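Here the structure is laid out as structure tokens; the discussion comes afterwards.
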Amino acid sequence: MTTTTLNSKTGLLSTEKPTKVRWWVFISLLILTSVNYVDRAVISVLMPYIQADLGFSPQMVGVILSAFFWGYVLMQIPCGWLCDKFKPGRIIVGTGILWGAFQIITGFVTSSTLFITIRALLGVSEAPIYPAGGKMQSVWLTKEERGKGAALFDSGSAIGNAIGAPLCAVFVAFLDGWRGALMAAGVLTILIVVACYPIIAHSPEDSPKCNDAEREYLRKAFEKEDAESMTGQQTAGASKGSAIRTYASSRSFWALCLGFGAYDSFWYGLMTWGALYLSATHGLDIKGLGGAIFVIYAVGVVGEFAGGLVTDRLRNTFTNTNKVMRTELVILAFCIAVPMYLLSSATDVYVAVALISVSMFFEKFIGCIYWTLPSLCADRQYSGAVSGVMNMFGNAGGAIVPIVVGIIVGTTGNYFWALMLFVGLALLTGFLPALINFSKKIGVE
């Protein structure tokens, strides 16, 4: 594909092929999201060593692990607003350096109060990554490309979980315990964030690696998208107050936020209790758990990329966006829920791991779809804020559900009703966003 453009340097018409800088931006996001989730996984893996060394009670361990979410959830809406006002890539780089700094500082902590404080600050510093990723989809990718972009961006969550435990074990073995492991993770984070800066810190308009043909390609695609949704005169000039009222009264907006709340509740519930379930119900030791967790999340990575490819193909093939998206979402809801229901009667550990893996495949498949929705459903100037609100709902649910699962298991003495909770969340994950009007931007329904 070639595009005839006016060369911004010479002022002459030229025919050139668009560069592919936008895909390098999202590969960088994949790397940074993976590092982000490694940073989150490290503390859980190291907590037995930390608890033994500093003498924390189980109750204090619970508070320390939850402290991350206090800062993370609190900052979602402010971070979404900042990503709408400033270059989201630079916000990721700036706060990414803070991720690493707080990990390094944690290696020096000796009291529970400081531990809680640093974990909350780590949550604050990591808060922009997903609102920024949602915003960058709306400024770097066309409507037809966002499925693959979301797959690249969000698959880092599964990759980070898959590699976090073995990487942490290596750090512990070679760097004299948990303090050295945390410091090494922090240094590695800073180095990777700085390395990604030249690619991710720019917008299409000022990226030195992006040529005029790619800018023109994106400009035309955005003009077409805006014309199709009729947002140019309807919402672009709206005041902040009227925009808030418009979104707060939109069925599509609430379906998006509540659906993502169910999605993240399922994700964090499985992430926090999956290993304990396999250990308690099927007797897996630490070595067996490591292998099982790696397989489950590796399958999730495959599901994420499959979701991006299939969703883009369906959108490009069929013109009825509502019918395509709603049908796909409802089918995926059952594909996530049915394996979790069958898990309640599984007696063989290999069958259990296989069922969780199948559910994880489709859960990450639908996760890819979710991260295309802020750019698909919201006006471009508000996509960062909508991503932040959506992620706030998700992480609030993610903070609550592990506690609920603990209460259920502690009260009943088994995992049956906990698994039924996962079945219900899986169905809501697909059924709630099926209420969205995908043919119109929010405010034009």
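Local charge for Ser125 was computed over the other residues whose Cβ lies under 13 Å away, with Lys and Arg +1 and Asp and Glu -1, and equals 0. Scaled to the globular estimate 2.2 N^0.38 Å, the Cα spread of the chain, given as radius of gyration, is 0.98.
For Ser112 and Val330, the difference between the fully extended length at 0.36 nm per residue and the C-alpha to C-alpha distance is 74.0 nm.
Spin-label model, Gln51/Tyr341: points 7 Å from Cα along the beta carbon direction are separated by 3.5 nm.
Each Cα pair under 8 Å and six or more residues apart adds its sequence gap; the mean of these over the residue count of the chain is a relative contact order of 26 percent. Axis angle, to the nearest 10 degrees, between helix 286-317 and the longest C-alpha principal axis of the chain: 20 degrees. Positive contributions from Lys and Arg (+1) and negative ones from Asp and Glu (-1), summed over other residues with Cβ under 11 Å from the Cβ of Lys224, come out at -2. Descending by average beta-carbon neighbour count within 10 Å, the peptides 120-131, 184-195 line up as 120-131, 184-195, the highest first.
Longer than 31 Å from Cα to Cα, which of Lys20/Lys440; Lys17/Lys364; Lys209/Lys323; Lys17/Lys148 are they? Say none if no pair is. Lys17/Lys364; Lys209/Lys323, as the Cα separations exceed 31 Å there.
Couplings 3J(HN,Hα) for region 364-372, derived from phi with the Karplus relation 6.51 cos²θ - 1.76 cosθ + 1.60 (θ = phi - 60°), are 6, 4, 6, x, 4, 4, 4, 7, 8 Hz, where x marks Gly and Pro. Could you tell me whether region 376-445 comes out rounded, prolate or oblate from its Cα gyration tensor? Rule is a ≥ b ≥ c as square roots of the eigenvalues, rounded for a/c under 1.5, then prolate if a/b exceeds b/c, otherwise oblate. Oblate shape, in that a/c is at least 1.5 and b/c is the bigger or equal ratio. Rounded if a/c is under 1.5, else prolate if a/b beats b/c, else oblate: with a ≥ b ≥ c from the C-alpha gyration tensor eigenvalues square-rooted, which is region 365-408? Oblate, since a/c reaches 1.5 and b/c is not below a/b.
For the pair region 299-334 / region 257-279, the C-alpha centres are spaced 21 Å from each other. Using the Karplus relation 6.51 cos²θ - 1.76 cosθ + 1.60 with θ = phi - 60°, the per-residue 3J(HN,Hα) values for region 405-419 come to 4, x, 5, 4, 5, x, 7, 8, x, 8, 9, 4, 6, 5, 5 Hz, with x marking Gly and Pro. List the chymotrypsin sites (Phe, Trp or Tyr not before Pro) within region 48-132 that fall in a DSSP loop (any state other than H, G, I, E or B) and whose Cβ has at most 11 other Cβ atoms within 10 Å. Qualifying residues, ordered by number: Phe108. Counting only Cβ charges, +1 for Lys and Arg and -1 for Asp and Glu, the dipole size of region 243-445 around its Cα centre is about 600 debye. The alpha carbon gyration tensor of region 243-445 gives principal lengths a ≥ b ≥ c with a/c of 1.5 or higher and a/b greater than b/c, which makes the shape prolate. Each Lys or Arg adds one and each Asp or Glu takes one away; over the other residues whose Cβ falls under 12 Å from the Cβ of Val324, this sums to +2.
For Leu65 and Glu223, the FRET efficiency from 1/(1 + (r/R0)^6), where r spans their Cβ atoms and R0 equals 45 Å, is about 0.45. The simple Förster model, with R0 at 51 Å and r as the Cβ-Cβ distance, assigns Asp206 and Ser279 a FRET efficiency of 0.50. Residue ranges 289-296, 24-31, 363-370, 242-249 sort as 363-370, 24-31, 289-296, 242-249 when ordered by packing (mean number of other C-beta atoms within 10 Å per residue, highest first).
Read the figures in this text as sums done on the coordinates, not as results from a lab. Because the structure is predicted, anything quoted here is derived from the model rather than measured. Reconstructed Cβ throughout: ideal geometry from the backbone, glycine too, with neighbour counts over all protein chains shown.
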